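Have a look at the structure below, then the notes.
The values are calculated or read from the model by the stated rules, or taken from the named source; none is laboratory data. Please read all numbers here as calculations on a predicted model, not as lab measurements. Just the protein is used for accessible areas: all its heavy atoms, side chains included, with ligands, DNA and RNA removed. Shrake-Rupley method; radii C 1.70, N 1.55, O 1.52, S 1.80 Å.
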Amino acid sequence: MPVNSTILDQTLNCVRSSKFVVFEAQSESLSCRNACPAIEKKTAGSAFRPQTGSTMPKMKSNSGAKKRFTKTGTGRIRRKKAFTSHILTKKSPKRKRNLRGTTLVDPVDEPRMRKLING
């Protein structure tokens, strides 16, 4: 049902709590969340979002790095060797054999890899 903005301003009471913004209708149940003058141009779900100043969201770990790197028992980071997926005919058997295993990430690159894995 259409309601003009002056009636809507009178019927809606904007109440701020410590974490969330809540709208309470005084007379009828109205389904308008954007009408509060204190909060302008917010999306429909913005009434239930935490306000700024609350705790920061958790950092996500990089899903590509999770698949490619693992931690060793001593805390170093292990990786697979490159150049083993295609064009193998021109590579010598010794070279392919040495590319087979895993190796450790260089110590210079370890802080970056830790940020990607741990999030």
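Which pairs in the list Lys66/Lys90; Lys80/Lys115; Lys66/Lys94 are over 21 Å apart, alpha-carbon to alpha-carbon?
Cα-Cα > 21 Å for Lys66/Lys90; Lys66/Lys94; rest within.
Send over a whole-number figure in Å² for the accessible area per residue of segment 58-119, probe 1.4 Å.
Each residue of segment 58-119 exposes 85 Å² on average to a 1.4 Å probe.
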